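I have placed the structure first, in the form of C-alpha cells, so that the comments after it can refer back to it.
Any read-out appearing in this document is the output of simple, stated calculations on the displayed coordinates, not a laboratory observation. This is a predicted model, so every value here is computed, not measured. All Cβ positions, glycine included, derive from the backbone under ideal geometry; neighbour counts span all protein chains shown.
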Amino acid sequence: MSTSSRPRGTGAAPGTRQADVVRIPRPAGGPGRGGPFAGMNVPAEKALNFGPSALRLLGELRPERAWLVLVLALAVVSVAFSVTGPRLLGEGTNLIFAGAVSKNLPAGASQEQVIAGLRASGQDAQADMLGAMTLTPGAGIDFAALANVLLWALALYVLASAFGWIQAYVLNGVVQRTVYRLRERIEAKIHRLPLRYFDSIQRGELLSRVTNDVDNISQSLQQSISQAVTSLLTVLGVLVMMFLLSPVLALIALVTVPLTLVTTALIAKRSQKLFVAQWKHTGELNGQIEETYTGHALVKVFGRQREVEERFREKNAELFEASFGAQFISGLIMPALTFIGNLVYVGIAVVGGLQVASGAMQLGDVQAFIQYSRQFTQPLAQLGSMANLLQSGVASAERVFSLLDEDEQSVEDAGPAPVGGRGRLVFENVSFSYSPDKPLITDLSLVAEPGQTVAIVGPTGAGKTTLVNLMMRFYELDAGRITLDGVDVTSVPRRELRSRMGMVLQDTWLFGGTIRDNIAYGRPSASEAEILEAAQATYVDRFVSALPEGYDTVLEDEGSNVSAGEKQLLTIARAFLARPSVLILDEATSSVDTRTELLVQKAMSALRSDRTSFVIAHRLSTIRDADLILVMEAGQIVEQGTHASLLAAGGAYALLYEAQFAAPAAEV
Amino acid sequence: MLWKLLVRYLQPQRRLLIAVVVFQLAQSVASLYLPTLNADIIDLGVARGDTGYILRVGSLMLLITLLQIACAVTAVYFGAKAAMGMGRDLRGAIFTRVGGFSEQEVTRFGPASLITRSTNDVQQVQQLVLMSATLMVAAPMLSIGGVVMAVRQDAQLSWLIAVSVPVLLIGVGLIVSRMVPLFRLMQLRIDAVNRVLREQLAGIRVVRAFVREDLETERFAGANADVTDTALRAGRLMALAFPVVMLVLNVSSVAVIWFGSFRIEDGSMQVGTLVAFLSYLLQILMSVMMATFMAVMIPRAAVSADRIGEVLETESSVRPPANPVVFAEEAGTETGTGTARGELEMRDVGFAYPGAERPVLSGVSFTAAAGRTTAVIGSTGSGKTTLVNLMPRLFDATSGSVRMGGVDVRELHPDRLWGHIGLVPQRPYLFSGTVRSNLLYGKPDATEEELWRALATAQAEDFVRQMEGGLDAPVSQGGTNVSGGQRQRLAIARALVKRPELYIFDDSFSSLDTATDARLRQALRRDTAGATLVIIAQRVSSIVDADQILVLDGGRIVGCGTHRELLETSETYREIVSSQLAAEEAA
Ligand SMILES: Nc1ncnc2c1ncn2[C@@H]1O[C@H](COP(=O)(O)OP(=O)(O)OP(=O)(O)O)[C@@H](O)[C@H]1O
Ligand SMILES: Nc1ncnc2c1ncn2[C@@H]1O[C@H](COP(=O)(O)OP(=O)(O)OP(=O)(O)O)[C@@H](O)[C@H]1O
Ligand SMILES: [Mg+2]
Ligand SMILES: [Mg+2]
C-alpha cells in the first residue's frame, strides 16, 4: 500500500478501498426464462408496465407507512454511522502516525522548529505534511487519546449494528405483513369473481400467483427496500460532501448519474420482457404440473406419460430460456456500472491532478475527493443492480395485480332481505346462455309453491343444472327475473339468498379435513348430536362407524380415500344438517347404490316435507311422488304435471319412464 | 441431501461451472490488482500533478476494468446457464418421477405438496446455485489472498485473524442452523396454502352454495398466518446475520489499530504495515460476508433439496417388472406367452389400502372372458372401484394375482398393459384443452372419422356438433363447462378412441338419462365387439344383459352369474333388483 505514509489519504480508506472488490450481487429470485442473447429465441412477451406497477407495489406498503418512516430514520442513522466510523478509525491511525513520527523527533524541540528544520534542508513536502499534524516531538503514541477515539468507534459500530438489526427486523415485519395482505386479498378476490372466470383458468396457474409470485415479491421487496434506502442516502450524503470539497470535480462525478440511469434503463428494457416471461412461464408450468398430478391415473392408463412429459419439457425449456436470459441480462448492469465508476474515477484523477499542479486544490482534498467518488459510485451501482431485482418482483406483482383487477360479479346492493318467507320460487320469462351466441334457456317460466317438491327431469344437457345455477345466482340472467317469496333475487345479497338455499351438487366436493368437519360444513354451529343425527339419517354413520378413526378420519385430497357413493352421502348429510328453506338436489344419489338410496330417500322426504325442494334425478323412481314434475328438453320446459298426469298424457315423460322400467320389470 | 442433489444435477453443467470458476478467478485477480493501480494514480500521479502518468495508468486501469467486466459477464453467463439448466433438469426429474408414481405415492405426498416441490422448492435450490456461481469462487479467492497478504505484512498480528474469522463463522453458523427447522416448516406451510387454495378452487360452487366464504377465508387466513409467522421468524434470524457480521468486522478493525499501536510504539511495526494489514483484514472479512449472503440461503435450499430428494428417492409401489413378459402377437415371435389378451382373471385377490385395518377386497376370484361383458354391482363402498383399479395397476393387489391374457399384470410392461386398457373413471375428469385434445388422449394419431365414430357410440355426437367449434370447442379444466352427463360421455368417447382390448366403465352411466343410457349400451356392444367389457353400474337395467354379473358385498363376491341365474341364486342381487322395482310396484 503505497499510500500508507499518507494518513490523510488512508484514514478513510479501509472502508472504501474495498469497495472495488466487494460487489454483492443480489439474487433476483426465481426460476428463469429466456433471452435475446447468443441466439436464444426471443418470445414476444407483453412488456412490463414497469412504472405504474412498481408504484402500485409501493402503494401496497401504505398501511406500513409508520414503520417505513422508522426504517428510513434508522437507515439515516446507519448511514451516518457508517460514514463516521471510518473517519474515527482514520483519526486513530493519524494519532498512531503522529506518535510514530514524534518519537523520532528530538525531544524538547517544538513542532515549529522541526518543520523549519525540514524546510531548511529542502524537504518541503515533509514539512507540509508535518505541519498538518499535532506533534509532540519525543513523545510516543498518545494512548489515552487513542483509546478514547477507538472506544468511540467501538460504540458507534455497536450502535450501527444494533440499528441495522432493528431496521432489518422492522423491515422484515413490513414486508411479511404486506405479503400476508396480498395473499389475503387474492383469496378474498376469489370469492368475488364470477363463476364464469373459473371456467376459463387453469387452477395451477392461479396457484402459482399465490405461491411463486408472492414469494418472489416478498424476496425482492425485502432485499431491495433496505438497499435502496441505504444506497440512496449514501449517494446523497456523499454528493453533498463532494460539492463542499470541490464543485468542479463534483460536476464530473455527477456525470455518473445520467450515465448510470441510461445504462440501467437500456439493459433493464431488455430484461423486463424476460422477467415477465419468466413468471408467466412459471405460472403456466405450474398449471401443467397441477393438472397432470390431478389427472395422474388417467395420464398413466392412457399411456400419455411420454406426451405429457414432452409438453412439459417444452414449457420447461421456455422457462429456462426466460430465466436464464433474465438473469444474464440483468447481471450485466453491475459490471457496466463498475466500468462507468472507474471511468469517472480516472476522469476525476486527471482533472484533480491538473488542479493540484495548478495549485487550485490541495493534494489532501483531491485525495479525499477521490475516496468520496468511490463511495459515490458503489451505491449507485448497487441501485442499478437492484433494478433487476425489482423488475423481477414487479413482473410478479403485475401478475398478482392482473388477478386482483379481474372483473368481479356485480356488486350487492344490501337491500332488505326477504326474511321469513316460506320459499315460493318463481321464474318469470327467464333467458340465459353461457355464451352469447348460443342461447340455452329462452323465456322460461315456472312456479314452485312453498313446501312443494319440484322434480326436474330430462335428457342430459337439457339445462337442468343450469336452472339450479340460476336459482343460486351462480350466473346472472340475460333476461327475465327470478323471485323468492316475491322479491327479485338480484335485489337480495347473494349470501342472503344462498343461505336460504341448501344444495347437493352433481359434482361432489369435500375438503381435506375430518369427516365431522365436512358434515359440519353445512352448519358450523351444529352440535355434535345434530351432526350425528344428520349422519345417521343419511346413512353416513354406517360406513363411518366402520372406520378406525370414525368421524375423526381425515379425508385426503378432495376425499380421495372414500368411495364415490360415500362421498355423495357425505354431501347429502351436509345439506341435511343445513336445513335450508329451499333444498336443491342435483343428482344427489347418482352414485349411491339403490338399496341405500331407498333408505336415504326416506330421510330426504322427511327433510323435504316442510320446504320447497327441487330434485333432479335420472332414476325416475326417486321423483315419482313429486308435487310437480318438469320435463326439460334443450333448455325448455316441454311438459309439466304430476307423475300420474304425465303418464296419462303419454308424452316425453311417459317415454322416459317406459325406457327406465320396461327392462328390469320384464325380466323379473 | 443438498450436496448429493447438487453433485448429481450439476454433473451435466460441469463444463459451464469450470468456465465460471476460471472467469471468476480471472476477475478476482483483476479486482485484487485494481486497488494498487488506484493507489498509484493518487500517489504517483495526482500527488505529483503528473497528468501524463494519470492518463497512462488510468487507461491501464480502464483496460483492466474492461477485462474484469468481460470476465464477470462471461462468468454470469455461464453461471446463470448452469443454475437455470440445473433447475430445469430438476423440475424435469421430479415431473418424470411423479409420473411413475402409483396412486398410493401421489396420495401420500398429496398433489398440493408435489406441486410446491416441483416449482417452489426447485426455485430455492436454483437460486442458491446462481448465488454460488457468482460468489463461491470470488469469496474464497479473496479471503485466501487476504490471509496470505496479511500474514506477510505482520505475522504477529495475525492472531486477530485467527480469532475473528472463527468468531464470524461460528456466529453465522449458529444463526443459519437455527433457520433450518424454520424453513422446513415454511415449505410445509406453503404446501398448506397451496392445498387450501386448490381445494377452494375445486369446490368454489359448494363454498358459494353454503355461503361458507367466511369460513374458507378463515381457513386460508390460518394457512396464510402460519406461513407469515414462519417467514417472520426466519426473517428475523436473517436480519441478525448481517449486523453480527458487520460488528465482528468493525470490532476487528478497532482491535487491529489498538493492538497494532503497541507494536508501532515499540518500533516492531511500521504505520504503513498497520494500514495495509487493516485493508487485508477487511478484505478477508468482506469476503466472509459475501459468503454469508450465500450462507443465509443455504438453509432454505437445503430443506427444499430434502423435499425434492424425498420425491426423487421414492420408488413407485407399482414397479415395472425387470423382465416384462411380451404377448406373442406383440413380440412377433414364438417366445411370447398368452393368447387372448383381453381376458382378465383374478385369482384369490385381496387388497387393503395402506394403513387401513381391514382389507377392502378379499378372496376375489373370477374370469372376465375375452369379448364378453362382465358387470359388477354392489352397494356403496363395497370395493367396486378398488377392484377395477387393480387391473391397470393403479394399485397392486396385496394378495393373489390379477392376470391379463393369462399373464400376471405385474409381469407385463406397464406401457403395454395400459395400452390394452380403456378406463372411464367414476369421476370423469377432463383435461383443459379442446374436445379433440381430450379425445386424442388415448390415441394421438386417431383420424377425424375415428373421433366422430367414438363420439357417436358414446352418444356425444349431437352435442359436440352443436358446441361452438365442434371438436375444437374449448374444455375447461375438469370439464366444468359441459354438463355432468356430457362430461361422462366425453370420458367414454375418450376410452373408445383408444380401441383397447379391455374396457372398464366405472359407474359411467350414472349421469345419463335412461334413454341415452340404453342407446349407449346398444352402440357400445356393436362398437366394442371382441373386446372385454367390465361395467360397474348401480342400475340393474344397465347390466341385465351382461354375460356375467358379479355381486360384490363387503369386498367379497357373493354372487356370480347372469341376471337370470342371480335372481335364482343370490339373495343380495334380488334385494338390489327389488329396490329398483319398489317404486314401480308401489305404483
Ligand atoms: N359452465 C358452462 N359453460 C358453458 N356451457 C355450459 C356450462 N355448463 C353447462 N354448459 C352447457 O349448457 C348445457 C346445459 O347444461 P346443464 O349442465 O344444465 O345440463 P343438465 O341438464 O344438467 O345435464 P346433465 O343431466 O348431463 O347434468 C349443456 O349443453 C352444457 O354443455
Ligand atoms: N384411498 C383410499 N384409502 C383408504 N380407504 C379407501 C380408499 N379408497 C377407498 N377406500 C375405502 O374402501 C372402500 C371401497 O371403496 P371403493 O371406492 O372401491 O367403493 P365402491 O364400491 O367403488 O363404492 P361406490 O359405489 O360408492 O363407488 C370404501 O369403504 C372406501 O371408504
Ligand atoms: Mg346436470
Ligand atoms: Mg366406486
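Give me, ordered by chain and number, the residues 5 or more places off B:R372 or on other chains with an amide H under 5 Å from its own placed amide H.
Residues meeting the amide H criterion: B:L533.
So what are the ³J(HN,Hα) numbers for the range A:254-265, from phi and the Karplus equation (6.51, -1.76, 1.60; θ = phi - 60°), rounded to whole Hz, Gly and Pro as x?
Taking θ as phi minus 60°, the curve returns 5, 4, 3, 4, x, 4, 4, 4, 4, 4, 4, 4 Hz for the range A:254-265.
Specify which residue in the list B:S510, B:I492, B:L567 is farthest towards the positive end of the charge dipole of the range B:463-587, using unit charges on the beta carbon of Lys, Arg (+1) and Asp, Glu (-1), about the Cα centre.
The residue sitting most towards the positive pole is B:I492.
What percentages make up the Cα-Cα pair-distance distribution of the range B:2-312 when the bins are 20 Å wide from 0?
Spelled out per bin, shortest first, that is 25, 46, 23, 7, 0.
Quick one: of A:K280/A:K315; A:K438/A:K464; A:K567/B:K384; A:K464/A:K567; A:K189/A:K438, which pairs are farther than 20 Å apart, Cα to Cα?
With Cα atoms farther than 20 Å apart: A:K464/A:K567; A:K189/A:K438.
Can you say what percent of the DSSP beta bridges in the protein assembly as shown, counting only those with both residues inside, are antiparallel? Round to 5.
Taking every DSSP beta bridge within the protein assembly as shown, about 50 percent pair in antiparallel fashion.
Can you give the three extents of the C-alpha atoms in the range A:551-668 along their principal axes, from longest to shortest, in whole Å?
Principal-axis extents of the Cα atoms in the range A:551-668, largest first: 51, 38, 28 Å.
Over the Cα atoms of the range B:185-237, compute the convex hull volume and normalise it per residue, giving Å³.
51
5 Å is the cut-off here: which amide hydrogens, built 1.01 Å from N in the peptide plane, fall below it relative to B:C560, excluding neighbours closer than 5 in sequence?
Long-range HN contacts for B:C560: B:V551.
Could you give P(r) for the range A:50-404, binned at 10 Å from zero, as whole percent values over all Cα-Cα pairs?
Going out from 0 Å in 10 Å bins, the range A:50-404 shows 5, 17, 21, 20, 14, 10, 7, 4, 2, 1, 0 percent.
With all pairs of different alpha carbon atoms counted, what Kirkwood hydrodynamic radius in Å does the range B:339-586 show?
On the way: mean 1/r = 0.0538 Å⁻¹.
Value: 18.6 Å, from the Cα pair sum.
Ranked by Cβ crowding within 10 angstrom, fewest neighbours first, how are B:H413, A:H281, A:H296 ordered? Don't jump to the answer; show the numbers that get you there.
Numbers: B:H413 15, A:H281 26, A:H296 23.
In order of increasing Cβ crowding within 10 Å: B:H413, A:H296, A:H281.
What residues have an amide H closer than 5 Å to that of A:T514, excluding those fewer than 5 places away on the same chain, when H is modeled at 1.01 Å from N in the peptide plane?
Amide H to amide H, under 5 Å and 5 or more residues apart or across chains, A:T514 pairs with A:L555.
Taking other Cβ within 10 Å of each residue's Cβ, how do B:I536, A:I190 sort, fewest first?
Neighbour counts put them in this order, fewest first: A:I190, B:I536.
When the Cα centres of the range B:112-168 and the range A:336-403 are compared, how far apart do they sit, in Å?
Using only Cα atoms to place each centre, the spacing works out to 26 Å.
Once Rh for chain A is found with the Kirkwood sum over Cα pairs, what is the Stokes-Einstein diffusion coefficient at 25 °C and 0.890 mPa s, in µm²/s?
Working: Rh = 31.9 Å.
This corresponds to a translational diffusion coefficient of 77 µm²/s.
Could you calculate the FRET efficiency of B:R526 with A:D488 from 1/(1 + (r/R0)^6), where r is the beta carbon distance between them and R0 is 35 Å, rounded to 0.05?
According to the calculation, E is roughly 0.10.
Across the range B:541-548, in residue order, what do the Karplus-derived ³J(HN,Hα) couplings come to in whole Hz, using 6.51 cos²θ - 1.76 cosθ + 1.60 with θ = phi - 60° and x for Gly and Pro?
4, 6, 10, 3, 9, 5, 5, 8
Taking the range A:143-257 on its own, what percent of its Cα-Cα pair distances exceed 22 Å?
Values: 4152 of 6555 pairs.
The share of Cα pairs beyond 22 Å in the range A:143-257 comes to 63 percent.
Once the Cα atoms of helix B:14-40 and of chain B are each reduced to a long axis, what angle between those two axes, in degrees from 0 to 90 to the nearest 10, is obtained?
With both axes taken from Cα atoms, the answer is about 20 degrees.
Whole Å is fine, so just give me how far the alpha carbon centre of the range A:64-100 lies from that of the range B:534-551.
85
Along its principal axes, what span do the Cα atoms of the range B:443-587 show, with the longest given first and each in whole Å?
Principal-axis extents of the range B:443-587 (Cα, largest first): 50, 36, 26 Å.
Distance from the Cα centre of the range B:466-481 to that of the range A:445-518, in angstrom?
Result: 24 Å between the Cα centres.
Put +1 on the Cβ of each Lys and Arg and -1 on the Cβ of each Asp and Glu in the protein assembly as shown; which of B:N194, A:S431, B:L455 then has its Cα farthest toward the positive end of the dipole?
In the protein assembly as shown, that residue is B:N194.
Can you tell me the relative contact order of chain B? Whole percent, Cα pairs under 8 Å, sequence separation 6 or more. Let's see the in-between values first.
Working: 848 pairs, mean separation 77.8, N = 587.
Relative contact order here is 13 percent.
Do you know the relative contact order of chain A, to the nearest whole percent, from alpha carbon pairs under 8 angstrom that are 6+ apart?
Relative contact order comes out at 15 percent.
Per residue of A:85-92, what is the mean number of Cβ atoms on other protein chains within 10 angstrom of that residue's Cβ? Don't jump to the answer; show the numbers that get you there.
Values: counts 4, 2, 0, 2, 7, 2, 0, 8.
Counting other chains' Cβ atoms within 10 Å and averaging over A:85-92 gives 3.
Each residue of the range A:470-486 in order: what ³J(HN,Hα) in whole Hz does its phi give by Karplus 6.51 cos²θ - 1.76 cosθ + 1.60, θ = phi - 60°, with x for Gly and Pro?
Values, residue by residue: 6, 4, 7, 6, 6, 10, 9, 5, 8, 7, x, 8, 10, 10, 10, 6, x Hz.
Can you give the convex hull volume per residue for the Cα atoms of the range B:38-135, as a whole number of Å³?
85
Based on the Cα atoms of chain B, what semi-axes does the equivalent ellipsoid have, where each is the square root of 5 times one gyration tensor eigenvalue, given in whole Å with the largest first?
Semi-axes, largest first: 71, 25, 23 Å.
Over the range B:152-297, what is the mean sequence separation of C-alpha contacts under 8 Å (at least six apart), divided by residue count, expressed as relative contact order in percent?
Normalised by residue count, the contact order of the range B:152-297 is 41 percent.
Which ordering of B:T374, A:T377, B:T447 is given by a fewest-first count of other beta-carbon atoms within 10 Å?
B:T447, B:T374, A:T377
Could you compute the FRET efficiency for A:S431 and B:L215, with r as their C-beta to C-beta distance and R0 at 41 Å, rounded to 0.05?
According to the calculation, E is roughly 0.75.
Stokes-Einstein diffusion coefficient for the protein assembly as shown at 10 °C in a medium of 1.306 mPa s, Rh from the Kirkwood formula over Cα pairs: what value in µm²/s?
46
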